[in-house]
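In what follows, a structure is listed as structure tokens, so that the remarks can point back to it.
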Amino acid sequence: MREPISSYPRVRVQGDGRQVVSQAGAVLLLETVRKTGLDQAISAALAPWRKPRAVHDPGKALLDVALAVALGGDCLADVATLRCEPAVFGPVASDPTISRLIDTLAASGEKALQAVRSARSQVRHRAWSLAGETAPDADGRVTVDLDGVLVIAHSDKEDAAATWKKTYGHHPLTAFVDHGPGGTGEPVAALLRPGNAGSNTAADHITTARLALAQLPKRYRRGRQTLIRTDSAGGTHDFVSWLAKRGRWLSYSVGMTVTEAIHEHMLKVPASAWTPAVEADGEARDGAWVAELTGKLLHGWPKGMRLIVRKERPYPGAQLRITDADGMRITCFATNTTGRPIAELELRHRLRARAEDRIRAARATGLRNLPLHDTAQNRVWMEIVQIALDLLAWMPMLALTGRARLWEPRRLRFRLFSAAGQLVTTGRRRILRLARHWPWTGEITTALERLALLPNPG
């Protein structure tokens, strides 16, 4: 009896297959584009940059790059994954044409960026309206998380510099709308900065917050229903004062650096003033307590600001800091929300950690590195990445249910987008047949049915 030399069957491979579509599951993203009207909005926004007698629409070309990034690409040349499937993605511009488009938009500076951002804001309003109860503002409130991210540069690029973590690259400041525990999140701002940009720069936080608010529906651009959350990098007088400025009236939950004054004040808090911290399910958090600090600590800060401090037993092996006390890890944050228990406010601030999940998704979607050399070009790339992340957030919000809504980009690509299909032409119709044996074909077809039920734009 002949012994097998491998555990896997051997198949003969030929490169002459026809009517086979790779990345067939990407039709989920295409249908999301159609239903939200993203293609029309981007095309209209970039119409001034379309040259006479041009074959390719600049909006379609930019959106093609964003789709390639959503499918896992990390450079302009990866748009070839769409170009090889014209029956599904339509005509796709050549690499030189796309490179010239990026150069043209980069040369236009803020004008081109503002055009793209305005289109995204318009489409975001429609996407949230279509989502209904699954929209991030379903409860009448919106939470925006600001956080910095380090992007490593492996070659000499404009504005690349040594970072505070002793790496080399850029230090963008990003903002994401939190979809809550039943969803993921979507980007609303990304400010490209040099690698040596400071973490506590109030001007950058204000600029990013302005960009983020401009992306929200108009009713959320001011008022207590919009919550801005940051880590201690946002805990500066200028930024908190900007958030609380009369007429803006935004809610905020901002991490604060534990100064010597806060540390001394915390040590004087009586044991009876400490309240057990809580978990997301409402149960008391073991070994964690919160208290509110008052008095002269609040002098010079905006009226109505509350200072809440938290102490917790560190996990085994954790290194204590000089600001910690009595073997407890000490953290602090400021908020202007009233009428709610401080334990509930502390839990709300702690959920800001979901922004780290959004940053991980961004790194897996074109933000692992910046592929272009000039800063102006990479600013355009940041907008492309945000469009890709928008699609990866809107598609689950509109079409998926249950745990599938929580899938991050890597899992969406592996389970849904990578499904193969066969393109069949019958009469004047094109039918894409997905593999019946693929474990997640049911998820794809059901999601497409939900998208088909949504009204068309216009």
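The values are calculated or read from the model by the stated rules, or taken from the named source; none is laboratory data. None of the values given here were measured: they were computed from a predicted structure. For neighbour counting, all protein chains shown are included, and Cβ atoms are generated from backbone atoms with ideal geometry for every residue, glycine included. Please note that ligands, DNA and RNA were not included when accessible areas were found on the heavy atoms of the full protein model with its side chains. Shrake-Rupley method; radii C 1.70, N 1.55, O 1.52, S 1.80 Å.
Structure values in brief
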read-out: Test set (1) at pLDDT 85 or above; (2) open to solvent by 30 Å² or more (accessible area, probe 1.4 Å); (3) over 30 Å from residue 208 (Cα atoms) - residue 260 fails condition number; value: (3)
read-out: Cross-chain or 6+ apart pairs with Cβ under 7 Å, region 171-200 first and farther than 21 Å from residue 113 by Cα, then surrounded by fewer than 24 Cβ atoms within 10 Å (Cβ to Cβ) and aromatic (Phe, Trp, Tyr); value: 195/168; 199/164
read-out: Wholly within region 182-288, strands (runs of 3 or more DSSP E) carrying at least 2 residues that are of a type in the set (Val, Ile, Thr); value: 226-230, 275-278
read-out: Qualifying residue in region 343-363 (condition: buried (at least 17 other Cβ atoms within 10 Å of the Cβ), modelled with pLDDT under 95 and on the phi > 0 side of the Ramachandran plot); value: no
read-out: The listed residue being closer than 18 Å to residue 67 by Cβ and in a helix (DSSP H, G or I), out of 376, 447; value: 447
read-out: Count of region 157-181 residues which are in a loop (DSSP other than H, G, I, E, B) and either of a type in the set (D, E, K, R) or surrounded by 22 or more Cβ atoms within 10 Å (Cβ to Cβ) (or both); value: 9
read-out: Looking only at region 433-458, and only at residues there that are crowded, with 16+ Cβ neighbours inside 10 Å and either aromatic (Phe, Trp, Tyr) or out of contact with any Asp or Glu (no Cβ under 7 Å at 6 or more places or on another chain) (or both), the one that is nearest to residue 36 (Cα to Cα); value: 454
read-out: Residue check for residue 231: surrounded by 13 or more Cβ atoms within 10 Å (Cβ to Cβ), within 32 Å of the chain's Cα centre (by Cα) and either at positive phi or among the charged types (D, E, K, R) (or both); value: yes
read-out: Per-region count, region 42-53, residues open to solvent by 10 Å² or more (accessible area, probe 1.4 Å) and under 14 Å from residue 112 (Cα atoms); value: 7
read-out: Odd one out for residue 207 among (1) of a type outside the set (A, V, I, L, M, F, W, C); (2) open to solvent by 20 Å² or more (accessible area, probe 1.4 Å); (3) touching a helix residue (DSSP H, G or I) at 6+ places or on another chain (Cβ under 8 Å); value: (3)
read-out: Selection from region 118-156 of residues that are open to solvent by less than 30 Å² (accessible area, probe 1.4 Å), charged (D, E, K, R) and assigned to a helix (DSSP H, G or I); value: 120, 124
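Quick grid of which residues meet (1) more than 26 Å from the chain's Cα centre (by Cα); (2) at pLDDT 90 or above; (3) surrounded by 19 or more Cβ atoms within 10 Å (Cβ to Cβ); (4) under 23 Å from residue 236 (Cα atoms):
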position: 271; (1), (2), (3), (4): yes, no, no, no
position: 277; (1), (2), (3), (4): yes, yes, yes, no
position: 289; (1), (2), (3), (4): yes, yes, yes, no
position: 296; (1), (2), (3), (4): yes, no, no, yes
position: 312; (1), (2), (3), (4): yes, no, no, no
position: 322; (1), (2), (3), (4): yes, no, no, yes
position: 337; (1), (2), (3), (4): no, yes, no, yes
position: 340; (1), (2), (3), (4): yes, yes, no, no
